[in-house]
Structure formats: structure tokens, C-alpha cells
């Protein structure tokens with residue numbers, strides 16, 4: 001009898017643990033088309049229950065934004081921010097906010113910088129708390145193809161920073177900016193009058209823009225995605241074309257030496273071809289990405305790249321049933337799986353959501369997009385939103401900012417934080433996926449940077465937040481690799 005009681009207790013504990021640890025988050029994303037007006041949607045997907053929920057229909061009228069290409073950003077104020085490629089009163093794209101607590105959409109502006117049009121990438125939040133993004137076009141000059149802009153949601157201002165002149169620094173940026181551990185922003189343009197695209201660096205504090213290199217075809221051409229900073233401190237990226245076979249390349253860039261090294265030539269059949277998105281680094285330390293074509297069926301592949309030994313392995317050939325022609329980027333969720341979307345394929349040939357288990361090498365289709373629920377997710381990725389941000393009203397402080405670099409990290413990290421006005425001290429608290437506290441650091445107004453060690457934390461995913469008297473920042477994710 002005692003043995004049966006212990007068995008039952010263990011079963012109940014495991015059932016509770018499983019339910020608790022895998023219902024902590026949902027995945028949020030956007031599609032370019034579909035929905036009630038065929039102008040795109042915002043949606044959530046809960047992996048623990050396989051539940052898809054449409055949250056917003058873009059329509060160009062009451063919801064002024066339409067046809068988003070990029071991804072949502074979870075900012076430190078607990079709200080989501082995004083851009084659309086066709087929205088706003090002048091139908092040239094806009095910037096919007098989505099409040100998770102009230103589930104309300106707010107149109108912010110169509111004037112992204114001075115004359116920025118058609119944003120195809122996503123926003124990022126820098127360590128100064130402001131949002132930064134790029135547009136691919138501008139009507140100001142025949143040679144200006146896009147701008148870089150800054151958006152301050154506290155003051156609701158959106159000044160211009162850089163004009164992308166195709167004749168000098170390249171034009172048509174499609175991806176996102178990256179803030180590296182040195183505090184500088186890095187990005188790429190997709191073309192130029194005499195180049196195949198460029199890589200650039202921007203220092204926020206001095207408003208200094210530097211063109212770092214031009215792609216010449218041999219080392220890549222036409223990058224559409226974004227750069228990432230891996231745990232070794234180097235930048236990695238993909239180009240859509242160029243390389244030995246003109247199917248694109250995977251490259252590494254050392255910010256200290258200024259040297260770009262081509263690591264992989266995509267060859268179509270074996271490794272896929274024409275990657276349109278970005279790389280991501282999983283908690284196992286390896287880089288993962290997808291290509292838009294190539295592979296066994298010429299529908300694209302999911303690949304793994306090992307930094308340690310410079311090897312790329314084709315892990316899955318898309319077969320149309322499980323999606324095809326992915327133009328986006330993978331992400332790693334708190335359950336340890338990778339998630340992504342394809343632009344086409346699936347039952348309705350309008351794209352799918354899929355999950356990939358890095359331990360077993362298994363890809364599983366999770367959801368088929370259709371004309372009602374959203375269709376054709378383009379140049380985008382899913383983001384993870386902790387349930388606490390949606391269900392707990394205390395995560396509303398706009399004046400609390402916190403970011404950690406590098407992320408993922410493998411032993412040490414730097415945290416930039418801003419305390420709200422009138423508050424002189426607080427604490428940065430780290431939790432594991434089961435909600436248990438693993439680390440706590442006191443901070444005060446004397447400094448706004450904290451160096452921490454993560455050597456005593458096991459490899460995995462953690463949430464961290466800045467807590468002050470009566471207020472907390474939104475929960476953010478940190479990945480530790482060993």
C-alpha cells in the first residue's frame with residue numbers, strides 16, 4: 001500500500017512538474033498575408049498544448065499596419081513592437097505597439113527616420129533602452145535606398161541616423177541590427193552600385209558610422225538576414241548568393257582584426273542553397289539555420305554548423321508536407337526545442353510552424369497556416385513571451401531597462417541596466433525554467449553596468465529581471481552554454 005501511495009505521489013509530482021515547466025511561455029509571430037483582410041496577422045502558439053491563437057488581424061484601416069515582413073520585439077517595458085511593410089496612412093510601412101496585458105494595438109508612426117520606407121527587418125532594443133531599425137527604401141534620392149532610425153517609446157520620437165546611399169555605403173538593408181558585446185551596432189546591406197552588399201558598424205555614443213567591408217561575390221553576395229554574435233565573441237552571418245557555386249555562404253567576422261572568413265559554400269544538393277534568414281546559436285553551442293531552396297527536394301534544408309570544427313551538417317530536407325522555402329530564422333525556446341516557420345508548403349501551401357529537437361534530430365510540423373489564421377510568414381522568426389508578462393500586471397514599468405551581453409554566454413556576461421526615476425537601488429534576479437531563483441545581484445544608481453560570472457550555473461535557459469520596490473522589468477531570457 002505504501003509503495004502504491006509513493007508511486008501515485010511521484011506520478012502527481014511529475015505530472016505537475018511537466019505541466020508547470022512547459023506552460024511558462026508562448027511563441028508569438030506574424031504572417032505577411034492571411035487573416036480577415038488578407039493583410040497579415042499576429043498570432044501565438046503554445047507548444048505545450050499545441051494551441052494556435054490569432055490575436056490581431058491587420059487590415060490597413062482600423063488597424064493601420066499591413067503586411068509585416070519581420071518579427072515582433074519584446075521590449076523591456078513588457079510590450080511588443082513591430083513594423084509593417086505597407087501600413088500607415090501613406091502605405092509605405094509603419095511602426096506599431098501591441099500591449100500584452102490589454103491585448104490592444106497602437107499605431108505609432110509612418111515616419112521611420114527621415115523618409116524611411118518599406119521596412120523588411122525587425123526592431124532591436126539597445127542597451128540605452130531605445131529601439132533601432134532599418135528600412136529598405138527611401139524617396140529622398142534616387143541613390144538613397146533605406147535609412148537607419150532610432151525610436152524612443154518614452155518620448156515617442158523617431159529621428160533618422162543614417163541614409164543608406166547605394167553608391168557609397170550600400171543600400172537595401174533587409175535584416176536587423178545587432179548590438180555586440182562592445183556596445184556597437186552591426187548590420188548589412190543587400191546591394192550597392194558596384195558591390196554585392198556591405199557590412200557596417202555604428203557607435204551610438206559618438207554617432208559614428210563605419211563601412212567595414214564589401215561583399216565581392218567570392219566571399220558572399222546579397223545578404224538578406226542579420227548578423228549574430230556567438231559565444232566566442234565573433235560575428236556570423238549568411239549571404240543569399242555568392243561563394244564557389246553562387247548559392248550563398250556562411251561567414252565569420254572578427255571585430256578585433258576586421259577579417260571576414262568564409263566558412264561554408266552552400267552547394268545546393270548537400271547543404272542547401274540561398275539562405276535568406278539568419279543564424280542562431282543554440283544552448284549546445286552549435287549554430288543552426290535554414291535555406292530557402294536546395295536539398296533533396298529543392299525545398300530547402302535545416303542545417304547545423306559546429307564552430308569548433310568548421311563542419312556543416314544537413315539535418316533535415318524540407319519535403320513540402322512539412323513546409324518548403326523557409327525565408328526566416330530559427331529560435332530556441334525554453335523547452336529546449338528549436339522552432340521556425342516556412343514561407344510555403346504544408347496542407348494549404350501557405351507555410352507551416354515546425355519544431356526541431358536537436359537531441360533526436362527530429363523535425364515535427366506543428367501548424368499549417370491558411371487564409372483565415374494567417375499565411376506566408378516572410379523574413380521572420382518566432383519570439384518567446386513568458387506567461388508572467390501576459391498574466392501579471394506588475395510588468396508595466398516603462399522606465400526599467402535591462403540587457404545582457406553576450407547571449408548566449410559561456411562563463412561571464414555584462415548586464416546593462418537603468419533604474420527608474422527616483423529609485424536608487426534594486427536587484428537583478430535569475431530564475432530557472434521551473435521558477436526557482438538561481439542568482440541575485442544588488443545594483444544601485446552609482447553604476448549602470450554589472451559584470452557577472454555564470455560559471456557556477458548549469459548549461460541551459462534562464463529568465464532574468466530587474467526588481468525594484470514595487471516594480472519589475474519584463475522577464476528576459478539568458479542562455480548559458482558550456
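Quick look at the numbers
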quantity: Scope segment 421-447; condition crowded, with 16+ Cβ neighbours inside 10 Å and under 20 Å from residue 154 (Cα atoms); matching residues; calculated: 423
quantity: Lone unmet requirement of (1) farther than 25 Å from residue 82 by Cβ; (2) in contact (Cβ under 8 Å) with a residue 12 or more places away in the chain for residue 370; calculated: (1)
quantity: Residue within segment 244-258 that is farther than 23 Å from residue 191 by Cβ and over 23 Å from the mean Cα position of the chain (by Cα) present; calculated: yes
quantity: Per-region count, segment 109-123, residues surrounded by 20 or more Cβ atoms within 10 Å (Cβ to Cβ) and outside any loop (DSSP other than H, G, I, E, B); calculated: 3
quantity: Criterion: under 27 Å from residue 402 (Cα atoms) and assigned to a loop (DSSP other than H, G, I, E, B) - qualifying residue of 174, 193; calculated: 174
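A quick yes/no check of all residues on (1) in contact with a strand residue (DSSP E or B) (Cβ under 6 Å, 6 or more places away or on another chain); (2) surrounded by 23 or more Cβ atoms within 10 Å (Cβ to Cβ); (3) under 28 Å from residue 39 (Cα atoms):
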| site | (1), (2), (3) |
| --- | --- |
| 299 | yes, yes, yes |
| 309 | no, no, no |
| 312 | yes, no, no |
| 320 | no, no, yes |
| 333 | yes, no, yes |
| 336 | no, no, no |
| 343 | no, yes, yes |
| 347 | yes, no, yes |
| 353 | yes, yes, yes |
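Computed from the coordinates by the stated procedures, all read-outs in this text should not be read as laboratory data. No experiment lies behind these values; they were computed from the predicted model shown. Here Cβ is always computed from backbone atoms with ideal geometry, including for glycine, and neighbour counts include all displayed protein chains.
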